[in-house]
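Below you'll find the structure, written out as structure tokens, and then a few comments.
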Amino acid sequence: MKLNGISCWMAAATVLTAASVSQAIDQMIFGVPASIYVDNINGPVGLDFAPDGALFVGRDLSLSGGTSGQSTRIHRVAPGGVSFAEFGDVIGDPDEVFVDVTGQYSGTPGSVLVAGNNTPAITGAIRSIAPDETTTLLVETVASVNINGLGALSDGTLYAGSNEGDYYVYNQGANSLDLDFFMDIGTGGVAVDSQDRIYTTVALQIFQGGMLVPSANPGDILRYDPMTGMVETFADLNMDVSSGGSAAVFGPGDAFWGSDLYTFDRGTGDFLRVDSMGNATIIGSGFDQGIVADLEFGPDGALYASLLQDNQIIRFAPEPSSVILLGLGAVGLIRRRRA
């Protein structure tokens, strides 16, 4: 991996800000103001927004007085982050959330799908929480896996990813999760691009069957193409994943964020923007602080990050001047990262 500096012809007087309204924030995206959106929300992991701006938050209590995989309830954050409350029934290991806007999967519009597990068999499971908080088991795997990701293709096909690297398709007709492909040991994330290809960052190893199983592509970003059925290396970044894989999300396609892939290096704390060719640009820092569990763009165009250790959700909201900063490179601080 090489880090190549790029020349920057922007005025040296340009000021970069990433300040919280109330307190300092370690995580920075150069040129983008940051603030704490939610504080004291214990164990925040997966994030997904409803169209009205309500934010649903999966949970892991391992760093807030409990254990990883412990049964608990997810959170609902009111639009604007003014308040939050637990939502739905207690669910085993409710890491990931996915808002079923039209009710395509659950049958009830506005329901929230939650990736968790069933005990004592520890099969991967997806539950549905209706707007009235009625919680229903939707489907579960046959195998013992840890489902940590949910995402849909443009045709509505729902995928569930697991830490073990197995990815499942939700077969509504048979009400089953059918194994579709394997994409190395990773976060189980389901980041989908405009061509319906699925991406994940690869972790270092996983504890499985009583032993540690190493991954073949630690620190890289892999891509699966459902049209060809092939898995390939999208970005050979060799990120430091000794403490776990990293979340990834595609930009919403606006003038500031574009449609590139965003992720971070846990070892260096660098925040990365990865273009369609797999070339990464460092556009931020401090993302090893607080353990960023998930990244999500909101309906307001801001980027949100859940900090598992700090029990916070932070918000990066670009201002009009930020479009120039991110596009051209900010005072020489932005660097290109290639394999």
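The values are calculated or read from the model by the stated rules, or taken from the named source; none is laboratory data. Please read these numbers as outputs of a predicted model, since none were measured by experiment. Positions of Cβ are generated from backbone atoms using ideal geometry, with glycine treated the same way; all protein chains shown enter the neighbour counts.
For the range 150-158, does any single residue satisfy the condition of being assigned to a strand (DSSP E or B), more than 19 Å from ALA248 (Cα to Cα) and more than 19 Å from the chain's Cα centre (by Cα)? Lay out the reasoning, then the answer.
Residues of the range 150-158 that are assigned to a strand (DSSP E or B), as a first pass: 150-152, 158.
Narrowing further to those that are more than 19 Å from ALA248 (Cα to Cα): none.
No; the residues of the range 150-158 include none that is assigned to a strand (DSSP E or B), more than 19 Å from ALA248 (Cα to Cα) and more than 19 Å from the chain's Cα centre (by Cα).
Would a scan of the range 1-9 turn up a residue that is modelled with pLDDT of 95 or more and among the basic types (Lys, Arg)? Give the derivation first.
From the range 1-9, those modelled with pLDDT of 95 or more are none; that's our starting set.
The answer is no, given that none of the residues of the range 1-9 is modelled with pLDDT of 95 or more and among the basic types (Lys, Arg).
So, in the range 14-65, of the ones that are polar (S, T, N, Q), part of a loop (DSSP other than H, G, I, E, B) and within 17 Å of PHE287 (Cα to Cα), which residue ends up modelled with the lowest pLDDT? If you could, list the steps in order and put the result at the bottom.
Quick first cut of the range 14-65, residues polar (S, T, N, Q) only: 14, 17, 20, 22-23, 27, 35, 40, 42, 62, 64.
From what's left, part of a loop (DSSP other than H, G, I, E, B): 14, 17, 20, 22-23, 27, 40, 42, 62, 64.
Checking which are within 17 Å of PHE287 (Cα to Cα) leaves us with 17, 20, 23, 27.
Working: THR17: 34, SER20: 37, GLN23: 57, GLN27: 93.
Step by step, filter the range 14-65, then rank; the result is THR17.
For VAL241, state whether it is assigned to a loop (DSSP other than H, G, I, E, B) and either modelled with pLDDT under 85 or in contact with a Ser or Thr (Cβ under 6 Å, 6 or more places away or on another chain) (or both). Spell out how you get there, then give the answer.
Values: assigned to a loop (DSSP other than H, G, I, E, B): yes; either modelled with pLDDT under 85 or in contact with a Ser or Thr (Cβ under 6 Å, 6 or more places away or on another chain) (or both): yes.
Criteria met by VAL241.
Could you say which residue among GLY149, GLY124, GLY156 is on the phi > 0 side of the Ramachandran plot and not aliphatic (A, V, I, L, M)? Step through it out loud before you land on a result.
On the way: GLY149 fails: on the phi > 0 side of the Ramachandran plot; GLY124 fails: on the phi > 0 side of the Ramachandran plot.
Sole residue among the options that is on the phi > 0 side of the Ramachandran plot and not aliphatic (A, V, I, L, M): GLY156.
Can you find, within the range 260-298, the residue that is surrounded by the most Cβ atoms within 10 Å (Cβ to Cβ) among those that are assigned to a loop (DSSP other than H, G, I, E, B) and either in contact with a Phe, Trp or Tyr (Cβ under 6 Å, 6 or more places away or on another chain) or on the phi > 0 side of the Ramachandran plot (or both)? Even if it seems obvious, please write down each step before you answer.
So in the range 260-298, the residues assigned to a loop (DSSP other than H, G, I, E, B) come out as 260, 265-270, 275-279, 286-291, 298.
Still in the list and also either in contact with a Phe, Trp or Tyr (Cβ under 6 Å, 6 or more places away or on another chain) or on the phi > 0 side of the Ramachandran plot (or both): 269, 278, 286-287, 290-291, 298.
Numbers: GLY269: 19, GLY278: 18, GLY286: 19, PHE287: 26, GLY290: 20, ILE291: 18, GLY298: 18.
Result: PHE287.
Quick one: which of ASP254, ASP225 is out of contact with any strand residue (DSSP E or B) (no Cβ under 8 Å at 6 or more places or on another chain), touching a residue at least 12 places away in the same chain (Cβ under 8 Å) and within 22 Å of SER154 (Cβ to Cβ)?
ASP254
Name the residue that is surrounded by the fewest Cβ atoms within 10 Å (Cβ to Cβ), counting only residues in the range 196-238 that are among the acidic types (Asp, Glu) and not in a strand (DSSP E or B).
Residues of the range 196-238 among the acidic types (Asp, Glu): 196, 220, 225, 232, 236.
Remaining after also requiring not in a strand (DSSP E or B): 196, 220, 236.
Working: ASP196: 16, ASP220: 22, ASP236: 14.
Step by step, filter the range 196-238, then rank; the result is ASP236.
Among the residues of the range 126-135 satisfying the criterion of being within 14 Å of VAL97 (Cα to Cα) and either at pLDDT below 95 or among the β-branched types (Val, Ile, Thr) (or both), which is nearest to the chain's Cα centre (by Cα)?
ILE126
Per-residue answers, yes or no, for (1) under 22 Å from ASP265 (Cβ atoms); (2) touching a Leu at 6+ places or on another chain (Cβ under 8 Å); (3) β-branched (Val, Ile, Thr):
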residue	(1), (2), (3)
VAL213	no, no, yes
MET227	no, no, no
GLU232	yes, yes, no
ASP236	yes, no, no
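Within the range 279-298, can you find the residues that are of a type outside the set (Asp, Glu), within 13 Å of ARG315 (Cα to Cα) and modelled with pLDDT of 95 or more?
The answer is LEU295, PHE297, GLY298.
How many of the residues in the range 299-316 are in contact with a strand residue (DSSP E or B) (Cβ under 7 Å, 6 or more places away or on another chain) and in a loop (DSSP other than H, G, I, E, B)? Even if it seems obvious, please write down each step before you answer.
Initially, the range 299-316 is screened for residues in contact with a strand residue (DSSP E or B) (Cβ under 7 Å, 6 or more places away or on another chain), giving 299, 301-308, 311-316.
Now restrict to residues that are in a loop (DSSP other than H, G, I, E, B): 299, 301-302, 308, 311.
Counting residues in the range 299-316 that are in contact with a strand residue (DSSP E or B) (Cβ under 7 Å, 6 or more places away or on another chain) and in a loop (DSSP other than H, G, I, E, B) gives 5.
Filter the range 83-115 down to residues that are modelled with pLDDT of 95 or more, on the phi > 0 side of the Ramachandran plot and part of a strand (DSSP E or B), then give me how many there are.
Matching residues across the range 83-115 total 1.
I'm checking my understanding of the structure. Among residues of the range 248-275 that are of a type in the set (D, E, K, R) and more than 18 Å from PRO318 (Cα to Cα), which one is farthest from the chain's Cα centre (by Cα)? Break it down into steps so the answer makes sense when it comes.
Let us first name the residues in the range 248-275 that are of a type in the set (D, E, K, R), namely 254, 260, 265-266, 270, 273, 275.
Among the residues that remain, those that are also more than 18 Å from PRO318 (Cα to Cα) are: 265-266, 270, 275.
Numbers: ASP265: 13, ARG266: 14, ASP270: 16, ASP275: 17 Å.
If we take residues in the range 248-275 being of a type in the set (D, E, K, R) and more than 18 Å from PRO318 (Cα to Cα), then ASP275 is farthest from the chain's Cα centre (by Cα).
Quick one: in the range 195-222, which of the residues that are over 26 Å from LEU153 (Cβ atoms) and of a type in the set (Gly, Ala, Ser) is modelled with the highest pLDDT?
GLY219
Of the residues in the range 294-310, how many are closer than 15 Å to ASP26 by Cα and among the hydrophobic types (A, V, I, L, M, F, W, C)? Let's see the steps before the verdict.
Within the range 294-310, the first condition is being closer than 15 Å to ASP26 by Cα, and the residues that meet it are 304-310.
Subsequent filtering for residues that are among the hydrophobic types (A, V, I, L, M, F, W, C) retains 305, 307-308.
Count: 3.
Go through (1) assigned to a loop (DSSP other than H, G, I, E, B); (2) of a type outside the set (Ser, Thr, Tyr); (3) surrounded by 18 or more Cβ atoms within 10 Å (Cβ to Cβ) for GLY161 and report which single condition fails.
The number of the failed condition is (1).
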